[in-house]
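Values in this text are rule-based calculations from the coordinates and carry no lab data. The model shown is predicted, which means the values in this text are computed figures rather than measured ones. Backbone-built Cβ (ideal geometry, glycine too); neighbour counts: all protein chains shown.
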Amino acid sequence: MQNTPSVQVPTNNLAQNEEYEGKAKIIRVLDEQTVLVKFKDDLTAFDGVKKATKKGKGHLNAQITKILFSYLQDKGIPTHFLEQLDDTTFRARKLRMIPVEFVIRNYSAGSFVRRYGLSKGMKLKKPILELFVKSDALHDPLIDPNVAIELGFLTRDEYEKGKLYSYLINDFLSQLFDQIGLTLVDFKLEFGIDQEGTLYLGDELSPDSMRLWKKGTQKSFDKDVFREDKGEVIEAYEYVYRRLSEINDFQPSPPEFMINLSIRLKPGIVDAEGAVVKRALTRLGLTQLSEARVGKLIDLKLSATNVLKSLETFAVGRTEFLINPLIEKSEISFDV
Ligand code: UDP
């Protein structure tokens, strides 16, 4: 089987000055490095079946996205946001978008409740990350990360980094919304890669792409107001924008995360320790054993406000002190 992704993101194939009009935004390629992102007043739900135009929505989502991206950028999360151009438009880095959505859930709601027959509003023991294929035609199916990697939708490295950023973003945003009396229930992120191969958070962060409940209740301040006809959607978005604009230089407590590093000898390198293990296990009766190789596991717990900086420091330290690149190879994974 050839591992070629069958799911394409239309904005990945645009030439200079070409435009793509999506359900809520228009993307225009400005040059090799940048695009223009314009937020529309259109609202859609249920794969575009329910539609409306709400005056002012594009403006509110552009402003909310700008506030949240600037806040995350300040905390060391790379986002595609560059500068605001007008009320509904900003300039952003041109990215090749990964055709997979990262959804983080803190409470049960939406498709999670429907899929597993749960009651709405259960606090989850730990935030849960789910991946979905970005495809309207397939109705954005849930996908196992290993399958997504195997099918070439993203690399293991992109998945690990995307996962780490998703959990950190969740921590940073949950603390921010808590300040204004809102609970971050769940949200969707999209990542992309620039020409240098750096992973960035792309797309938007707005009440269109997250669930926000008034603390201690299930009163929605997001697209569910529109999805479920629960009132005036613009008023809900205005409330989120007004409260976010009132926050001044909020410093969240630094999130903790784990770096798990596994170090193995490269194939072909003679492993004396492995040979000892093999002999011992064979003596114990494991006679079919053809080879044993010994490696190392290093688990690091980090508390960091500027995540990117800590990772860079770590990457340098890793090659200098932890592995011998002539004979060893390392694999890195992240957790919270
Ligand atoms: N979401 C999104 N775009 C999508 C699918 C989901 O922005 O294409 C957001 C949605 O607003 C919610 C979260 O991701 O905040 C989880 O959505 P869920 O899987 O529960 O699906 P839904 O209830 O939106 O069908």
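Here are some notes:
- The ellipsoid that matches the Cα gyration tensor of the stretch 1-91 has semi-axes, each √(5λ) in whole angstrom, of 23, 20, 15, with the longest given first.
- If R0 is 25 Å, the Cβ-Cβ spacing of T155 and V336 corresponds to a FRET efficiency of close to 0.75.
- For Q218, residues with placed amide H under 5 Å, excluding near neighbours: none
- E158 sits among other residues whose Cβ lies under 13 Å from its own Cβ, and their net charge, with Lys and Arg +1 and Asp and Glu -1, is 0.
- Modelled label positions at V7 and L326, each set 7 Å beyond Cα in the direction of Cβ, lie 4.5 nm from each other.
- In a fully extended conformation the segment linking L30 and R283 would gain 84.3 nm over its present Cα-Cα distance, using 0.36 nm per residue.
- On the basis of the beta-carbon distance and an R0 of 45 Å, A275 and K125 show a calculated FRET efficiency of 0.55.
- Table column - 3J(HN,Hα) (Hz), the stretch 68-81, Karplus curve with 6.51, -1.76, 1.60, x for Gly and Pro: 6, 5, 5, 4, 5, 4, 4, 8, x, 8, x, 10, 7, 5
- For the stretch 146-157, the Karplus equation 6.51 cos²θ - 1.76 cosθ + 1.60, evaluated at θ = phi - 60°, returns couplings of 5, 5, 4, 5, 4, 7, x, 5, 7, 8, 4, 4 Hz by residue, with Gly and Pro reported as x.
- For D249, the shell of other residues with beta-carbons less than 13 Å away shows a net charge of -1, using +1 for Lys and Arg and -1 for Asp and Glu.
- Residue-wise HN-Hα coupling along the stretch 159-164, computed from phi with Karplus coefficients 6.51, -1.76, 1.60 (Hz; x: Gly, Pro): 5, 4, 5, x, 5, 4
- Column: log10 I(q)/I(0), Debye, Cα scatterers of the chain, q = 0.15 Å⁻¹: -1.36
- Here the stretch 231-294 is treated as a Stokes sphere of Kirkwood radius computed over C-alpha pairs; at 20 °C and 1.002 mPa s its diffusion coefficient rounds to 119 µm²/s.
- Our estimate of slack between D86 and V49, defined as 0.36 nm per intervening residue step minus the Cα-Cα distance, is 10.3 nm.
- Inter-label distance, nm, simple model (7 Å from Cα along the C-beta direction), S303/E246: 3.0 nm
- Rg/Rh for the stretch 106-197, where both radii come from Cα atoms and Rh is the Kirkwood radius: 0.99
- FRET efficiency estimate (nearest 0.05) - Cβ-Cβ, Q16 to Q218, R0 41 angstrom: 0.35
- Rg and Dmax over the alpha-carbon atoms of the stretch 82-145 stand at 16.0, 44 Å.
- For the stretch 170-269, the Cα gyration tensor yields ellipsoid semi-axes of 36, 17, 14 Å (square root of five times each eigenvalue, largest first, whole Å).
- Cross-link pairs exceeding 32 Å between alpha carbons, from the set K51/K161; K188/K230; K125/K278; K25/K125; K57/K309; K75/K134: K51/K161; K125/K278; K25/K125; K57/K309.
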